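The values are calculated or read from the model by the stated rules, or taken from the named source; none is laboratory data. Keep in mind that what you see is a predicted model, and the values were worked out from it rather than measured. Here the Cβ positions follow ideal geometry from the backbone for every residue, glycine too, while neighbour counts run over all protein chains shown. Heads up: the accessible areas ignore ligands, DNA and RNA and are worked out on the full protein's heavy atoms, side chains in. Shrake-Rupley method; radii C 1.70, N 1.55, O 1.52, S 1.80 Å.
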Amino acid sequence: MLSEFETLDWLQLIRTPNIGPVTFHRLIAKYGTASDALAALPELSRKAGRKTPFKASDRADAERELKRADKHGVRIIAACDEDYPQALKAIADHPPVLYVRGHVSLFEKPGIAIIGARNASGVGRKIARMLATNLGEAGYTIISGLARGIDGAAHAASLSSGTIAVVAGGVDVIYPPEHDTLTENIASQGAVISECRMGATPTARDFPKRNRLISGLSRGVIVVEAAARSGTLLTANFALDHGREVFAVPGSPLDPRCQGANRLIRDGATLVESAQDVIDALAAQTGGMNDTGRDLFDWAEADGLDEPDPVEMVTLRKQLLEILSFTPLHRDEIRREVDAPPGIVADILLDLVLSGEAAEHPGGRFSLNAEE
């Protein structure tokens, strides 16, 4: 477990502009500690050719963040701590720190996500409650995003068996407002978690980050009602990236709220009519658990740490800049486009982020930096 001083280092590093989870973990792999990584940032950004000096976030902000968490009885769990959820740690861009209100023991149970439409039908809510109740009784923790509709129904039905609400803002911020009582009940009986700082109001860009956590915590994701262009489908896409099982409840082809779920089934998602369908599908996985979230970089996090050939680095840097566009691309796809060890590719991506030429996005994706 990190000391208070080390926790402040971690908060200061992850709150530094341009430093996302993938970049954070690469810096820790290279320098060993957040303190050493913070000390190296100015020289790293200078070498990367950054136009303006690269500054770490304010230490005083990290101290205020820690005090606010203590005041509200919120635990800050670092990725190196024993209590950090192992399923989540398996995804490449797992958050360096998690804020938790409630019971961390729920991380030890297998998780199933139940998500869906905010404007859910009465039938959809009923199905969500049924699945949450039965899966909870079977020993699964129910995970969802505390949104209106399907999410709220799933949480409410699994309070007694165990539920985790993943929120897009701070764990001390009630959103949506009508879920104030439900949020407090979950914090008391289950867990409310986030990677966002205390007091943060959720914005549109925070929901994709939240969705990847819902998938990362879960062995499988069940979609109950989702429109053709629903944010729910983004979570299903993350589940595929993470090697999780995707389930969907079929609905009427005449109901726009069911088009997304029906399309998932057409594209290969497991059709769900009862909790037993989910239990049987997960039991059929090798070892009872899908091998979660391993990507092309995982086996190489320790390589590429020695200084590579400078000429080769310049050539590869140009290649990566040509490959990147303003549309985020997963780092696995980037890796496939170049003939170089994953560790070196990771180092060049780090270099491009620190120079301000590239930006990191949720799900281990990178793009050209539109703000430069």
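Cα centroid separation, the stretch 29-80 to the stretch 314-372: 22 Å.
The fraction of accessible area contributed by carbon and sulfur in the chain is 51 percent, rounded to a whole number (1.4 Å probe; ligands and nucleic acids excluded). Between 142, 76, 348, the residue with the greatest mean-square fluctuation in the GNM of the chain (Cα pairs under 10 Å linked by springs) is 348.
Note: relative contact order over the chain, using C-alpha pairs below 8 Å and six or more positions apart, is 16 percent. Considering only 177, 12, 222, and ranking their Cα positions along the charge dipole of the chain that arises from unit charges at the beta-carbon of Lys, Arg, Asp and Glu, the one farthest toward the positive end is 177.
Of the listed residues 258, 80, the order by accessible area with a 1.4 Å probe, largest first, is 80, 258.
A cut-off under 13 angstrom between Cβ atoms defines the neighbours of residue 104, and their net charge, with Lys, Arg +1 and Asp, Glu -1, is -1. When you filter the GluC sites (Glu not before Pro) in the stretch 4-106 for DSSP loop state and at most 15 other Cβ atoms inside 10 Å of their Cβ, you are left with 82.
Each Lys and Arg Cβ is given +1 and each Asp and Glu Cβ -1; about its Cα centre, the stretch 1-142 then shows a dipole of about 740 debye. Between residue 175 and residue 367, the C-beta separation translates, for a Förster distance of 25 Å, into a calculated FRET efficiency of about 0.35. In terms of overall dimensions, the C-alpha atoms belonging to the stretch 86-193 reach 38, 31, 26 Å along their principal axes, ordered largest to smallest. Each residue of the stretch 234-244 was assigned a 3J(HN,Hα) from its phi angle through the Karplus expression (A = 6.51, B = -1.76, C = 1.60, θ = phi - 60°), giving 5, 5, 4, 5, 4, 4, 5, 4, 8, x, 8 Hz with x at Gly and Pro.
Averaged per residue, what accessible area in Å² does the stretch 110-266 show with a 1.4 Å probe, protein chains only? Averaged over the residues of the stretch 110-266, the accessible area is 36 Å². For residue 57, the residues 5 or more places off, or on other chains, whose built amide H falls under 5 Å of its own are 16.
Our estimate of slack between residue 35 and residue 188, defined as 0.36 nm per intervening residue step minus the Cα-Cα distance, is 51.6 nm. Model label points for residue 59 and residue 255, set 7 angstrom from Cα along the Cα-to-Cβ axis, are 5.7 nm apart. Eigen-decomposition of the gyration tensor built on the alpha-carbon atoms of the stretch 50-148 gives equivalent ellipsoid semi-axes of 34, 18, 15 angstrom, largest listed first.
Between the amide H of residue 358 and those of 353, 369, distances stay under 5 Å, these residues lying 5 or more places away or on another chain, with hydrogens modeled in the peptide plane. Among 313, 168, 95, which residue has its Cα positioned farthest towards the positive end of the charge dipole of the chain, with +1 placed on the Cβ of Lys and Arg, -1 on the Cβ of Asp and Glu, and the dipole taken about the Cα centre? Of 313, 168, 95, it is 168. Rounded to the nearest 20, the size of the Cβ-charge dipole of the chain about its Cα centre is 1180 debye, with Lys and Arg at +1 and Asp and Glu at -1. Between residue 15 and residue 277, the distance separating the two model label sites (each 7 Å from Cα on the Cα→Cβ line) works out to 4.6 nm. Distance from the C-alpha centroid of the stretch 187-201 to that of the stretch 98-132: 15 Å, rounded to the whole angstrom. A Gaussian network model of the chain, with springs between Cα atoms under 10 Å, assigns the largest mean-square fluctuation among 145, 111, 122 to 122. In this view, the solvent-accessible surface of residue 235, computed with a 1.4 Å probe and all protein chains in place, comes to about 0 Å². Estimated from helical segments only, the mean residue ellipticity of the chain at 222 nm is -13000 deg cm²/dmol, where each DSSP H run of four or more residues counts as -39500 (n - 2.57).
Residues with beta-carbon under 14 Å from that of residue 260, excluding residue 260: net charge, scoring Lys, Arg +1 and Asp, Glu -1? So the surrounding residues net to +2. Extension gain for the segment residue 323 to residue 82, taken as residue separation times 0.36 nm less the Cα-Cα distance, is 82.9 nm to one decimal.
Mind checking the log10 I(q)/I(0) for the chain at q = 0.07, 0.09, 0.13, 0.14 Å⁻¹? Debye, one equal scatterer per Cα, no solvent, two decimals. Debye output, listed in q order: -0.31, -0.52, -1.04, -1.18. For a 23 Å ceiling on Cα separation, which of these pairs sit above it: 30/209; 55/89; 51/209; 47/209; 47/318? Correct reply: 30/209; 55/89; 51/209; 47/209. For residue 126, the lysines whose Cα comes closer than 25 Å to its Cα, not counting residues fewer than 8 places off in the same chain, are 109. Extension gain, residue 71 to residue 284: 0.36 nm times the residue separation minus the Cα-Cα distance gives 72.2 nm. For the chain, the share of DSSP beta bridges that are antiparallel, to the nearest 5, is 40%.
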